[in-house]
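**Q** Dropping the structure in here first, questions after.
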């Protein structure tokens, strides 16, 4: 198959052999699990259990309340001990609501376990998508975007190709590699299910050429009759080839439009782990309650891949990987390029936790002082989105948010290539994140301001209308009064009549003999 | 267990400004040694004194601006500016010329504009042009290899000449200097000679005067090493030398008696050192790939125009400064097509 190249990218030492040397370990059930209510892109789930409740494995404990959201399930059986604020994997080191589960060690499924569907080929894609949604599956390559949303057909877009992303281009991470080596048949079954769901006529399974074992395992697992339907493709190792848009360009030579989606090219792309999770949900009725995590780095004694329940504290995983080496001072969730350092190893594994990377000061020395940008253009050379990172930096620093968008800020995928090659140690990606946040913030403010203005204008209009109506009422009243004023002649006449009548009466009385009282007065 | 947090990437960075600048300095060594071999100790004296002055002015300005002095000196950019300035001026240039040139380069062209990363003009070239237009006599005295050989100026005599501005007793400027190839070509053409007559002179090698060719070759070697090390990109040197060669070629084909050959232009004067070491100064050059090509083309053409019809024998310095002026405009109009956008810049 003809492969293509994307602009830029970096050849990085992959450091994957460290963690793939040891076999996959399935971790036991820890005493306590902390399952965050929000583990994905989108709205937070609503907790549907109470402290003290008993839960069974796979029971839904967090309910999606929004379209872009993913259910959360109990990873094992036990008791809900509380809904607590607990440190979560987030660059801010802040705490967020987590469901604390005290496990009972039985790992018992309940009555409400979803029905296994070995006959998925007979099922309607709609009900399969519903299953994916129920199972709370999110993109497991790290972004954690709800998969059901991505599987939904888009009006007017026919999907012909499913791309399974097994590139795993970031150094150190090997969880997909391990999964492909150990479960190739299950992943391929998942790919068939997804292809059935989206109506794809072919599956391109892309794996970087630095994973020969995984490539062999997959190739061997594709039955001969399916060789045209599922193609396992070895792609050159180059960071960030695992980015969805980069991968599609490598495979098809076409670029996903900036404001568009792969569906615009008739393609859809899912991560290896996600595809396997979909297969587990459909075939076994198992929601997304565990995943493989690479625990690695120079700060770990026995780097390896571990299958762990969602909610397992990082510290337990590190323990299972032989513990820390001395002087470890940085623990990163994700890879070295896009991952973020966590402040505490009490944080739990979430659906998007692909890797834990522990380093010592000698491995990752604190960055030197930030120097001025000398416009060397290395960042331009390596940018996979073909941006001008040095110009973006300039505009971000000057808070020129119009210019920075004009220069394509929102086409930045935050891969970190530019920051890695910057000779001036400028944390470029941080500047872009800052600019994005500011622009989103301003957009929100603008929307708020628009709403407020609308409200104000409405109120103003209402007041004006009321004023107008009041004036009209007054005018009507005045008019009515004026009308009455035109009547006084009658009134006066009536009064005069009355006076006249009284006078006449008086006169008549005067001609009559006065009454006795009058006389007496006189 | 608690951890330190910091931003990605969590991987040892591959570059630093200081390392980049030092690689450029290493790449200058062979060419500088070749020049010293041909033109005597004066080249080294120039380099040492100019670098010393440049670093001194840098330290002074950084201190005045209340920035960390040692950390800033560590970027080696002042050393590079001083060195390039020193190679531009003739050996045996009086010390006060060096002092004025480096002062302009570092104080005015660099720090008054905001220091490293903010100067719109190439500091070394600003320094050179200032002394070139202010002290034309001092700047036109290029020693000849034979003159230097015959006079056999020792290192100390050279230093003395530089410091005092006077040759040791019994020596004469006319005896040890001769016109540089560009000067010679220019003057001879004005005097009515043809190009062929000039280049037939025994001091000429294949394309230009032998010593300039050798210095050019060694600077070219350093430049190729910089390309290989990714310190510079190919855009500026290739486009500048190509455009210089092409425009020279057009006129040469048209009238080879009146116009020197493309090879003569490429291997004379500051063309090669300019293409690889001066025009590639990232701060003052264009920064987009297409912008850099246009930037190089502009320098190549302007260099030829100034050399052929202008008032100075060489035009690289002026061409670089002129193109520095348009670099921001070039950047503005040569933005690369962003991934996923159509050519007209819309998604």
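Yes or no, residue by residue, for (1) more than 13 Å from chain B (Cβ to nearest Cβ); (2) crowded, with 23+ Cβ neighbours inside 10 Å:
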position: A:303; (1), (2): yes, yes
position: A:311; (1), (2): yes, yes
position: A:335; (1), (2): no, yes
position: A:339; (1), (2): no, yes
position: A:347; (1), (2): no, yes
position: A:356; (1), (2): no, yes
position: A:362; (1), (2): no, no
position: A:365; (1), (2): no, no
position: A:371; (1), (2): no, no
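**Q** Quick check on residue B:72: is it touching a helix residue (DSSP H, G or I) at 6+ places or on another chain (Cβ under 6 Å) and free of Cβ contacts under 8 Å to residues at least 60 places away in the same chain? Show your work before the answer.
**A** Details: touching a helix residue (DSSP H, G or I) at 6+ places or on another chain (Cβ under 6 Å): yes; free of Cβ contacts under 8 Å to residues at least 60 places away in the same chain: yes.
Against the criterion (touching a helix residue (DSSP H, G or I) at 6+ places or on another chain (Cβ under 6 Å) and free of Cβ contacts under 8 Å to residues at least 60 places away in the same chain), residue B:72 qualifies.
**Q** Turning to a different aspect of this structure: Identify the residue in segment B:94-118 that is without any contact (Cβ under 8 Å) to a residue 12 or more places away in the chain and in a helix (DSSP H, G or I) and, among all such residues, is farthest from the other protein chains (Cβ to nearest Cβ). Write out each step before concluding.
**A** Of all residues in segment B:94-118, those without any contact (Cβ under 8 Å) to a residue 12 or more places away in the chain come to B:112-114.
So of that shortlist, the ones also in a helix (DSSP H, G or I) come out as B:112-113.
Details: B:112: 15, B:113: 12 Å.
Ranking the candidates gives B:112 first.
**Q** Could you figure out which of (1) within 30 Å of residue B:13 (Cβ to Cβ); (2) not in a strand (DSSP E or B) isn't true of residue A:277?
**A** The failed condition is (1).
**Q** Also, I was wondering about something else. So which residues in segment A:313-333 are surrounded by fewer than 20 Cβ atoms within 10 Å (Cβ to Cβ) and within 22 Å of the chain's Cα centre (by Cα), if there are any at all?
**A** Of everything in segment A:313-333, nothing turns out to be surrounded by fewer than 20 Cβ atoms within 10 Å (Cβ to Cβ) and within 22 Å of the chain's Cα centre (by Cα).
**Q** Within segment A:366-442, which helices (runs of 4 or more DSSP H) (wholly inside it) include 3 or more residues that are within 23 Å of residue B:337 (Cα to Cα) and in contact with a strand residue (DSSP E or B) (Cβ under 8 Å, 6 or more places away or on another chain)? Spell out the reasoning first.
**A** Details: elements: A:378-382, A:389-397, A:401-406, A:417-421.
Answer list for segment A:366-442: A:417-421.
**Q** Condition first: within 14 Å of chain A (Cβ to nearest Cβ) and in contact with a helix residue (DSSP H, G or I) (Cβ under 7 Å, 6 or more places away or on another chain). Now tell me which residues in segment B:253-283 satisfy that.
**A** If we filter segment B:253-283 for residues that are within 14 Å of chain A (Cβ to nearest Cβ), which is where we start, we get B:279-283.
Answer for segment B:253-283, where residues must be within 14 Å of chain A (Cβ to nearest Cβ) and in contact with a helix residue (DSSP H, G or I) (Cβ under 7 Å, 6 or more places away or on another chain): B:279, B:280.
**Q** Take residue B:121 and decide whether it is assigned to a helix (DSSP H, G or I), assigned by TED's automatic domain parsing to the domain that holds residue B:39 and either within 19 Å of residue B:282 (Cβ to Cβ) or over 20 Å from the mean Cα position of the chain (by Cα) (or both). It would help to see each step written out before you state the result.
**A** Details: assigned to a helix (DSSP H, G or I): no; assigned by TED's automatic domain parsing to the domain that holds residue B:39: yes; either within 19 Å of residue B:282 (Cβ to Cβ) or over 20 Å from the mean Cα position of the chain (by Cα) (or both): yes.
Criteria not met by residue B:121.
Okay, residues lined up against (1) within 14 Å of chain A (Cβ to nearest Cβ); (2) assigned to a helix (DSSP H, G or I); (3) free of Cβ contacts under 8 Å to residues at least 12 places away in the same chain:
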residue	(1), (2), (3)
B:231	yes, no, no
B:290	yes, yes, no
B:298	no, yes, no
B:317	no, yes, no
B:322	no, yes, no
B:330	yes, yes, no
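**Q** Could you list all residues from segment B:289-310 that are closer than 17 Å to residue B:126 by Cβ and surrounded by fewer than 24 Cβ atoms within 10 Å (Cβ to Cβ)?
**A** Passing the criteria: B:302, B:306.
**Q** So, residue A:252, is that one closer than 30 Å to residue A:156 by Cα, touching a residue at least 12 places away in the same chain (Cβ under 8 Å), within 14 Å of chain B (Cβ to nearest Cβ) and touching a strand residue (DSSP E or B) at 6+ places or on another chain (Cβ under 8 Å) or not? Write out each step before concluding.
**A** Working: closer than 30 Å to residue A:156 by Cα: yes; touching a residue at least 12 places away in the same chain (Cβ under 8 Å): yes; within 14 Å of chain B (Cβ to nearest Cβ): yes; touching a strand residue (DSSP E or B) at 6+ places or on another chain (Cβ under 8 Å): yes.
In short, yes.
**Q** Of the residues that sit in segment A:330-344 and are assigned to a loop (DSSP other than H, G, I, E, B) and at pLDDT 90 or above, which one is farthest from residue A:416 (Cα to Cα)? Give the steps one after another, and end with the answer.
**A** Step one: filter segment A:330-344 for residues assigned to a loop (DSSP other than H, G, I, E, B), giving A:334-339, A:343.
Restricting the remaining residues to those that are at pLDDT 90 or above gives A:334-339.
Values: A:334: 13, A:335: 11, A:336: 9, A:337: 6, A:338: 6, A:339: 10 Å.
Looking at the filtered set, the residue picked out is A:334.
**Q** Considering segment A:423-445 alone, what residues qualify as being under 13 Å from residue A:367 (Cβ atoms) and either surrounded by fewer than 24 Cβ atoms within 10 Å (Cβ to Cβ) or facing chain B (nearest Cβ under 7 Å) (or both)?
**A** If the condition is that a residue be under 13 Å from residue A:367 (Cβ atoms) and either surrounded by fewer than 24 Cβ atoms within 10 Å (Cβ to Cβ) or facing chain B (nearest Cβ under 7 Å) (or both), then A:423, A:424, A:425, A:426, A:427, A:429, A:430 are the ones that fit.
**Q** Restricting the search to segment B:260-288, which residues are in contact (Cβ under 8 Å) with a residue 60 or more places away in the chain, surrounded by 24 or more Cβ atoms within 10 Å (Cβ to Cβ) and over 16 Å from the mean Cα position of the chain (by Cα)?
**A** Residues satisfying the conditions are B:260, B:264.
The values are calculated or read from the model by the stated rules, or taken from the named source; none is laboratory data. Given the structure is predicted, the values throughout are model-derived calculations rather than measurements. Because the Cβ atoms are built from the backbone with ideal geometry, glycine has one as well, and the counts that use them run over all protein chains shown.
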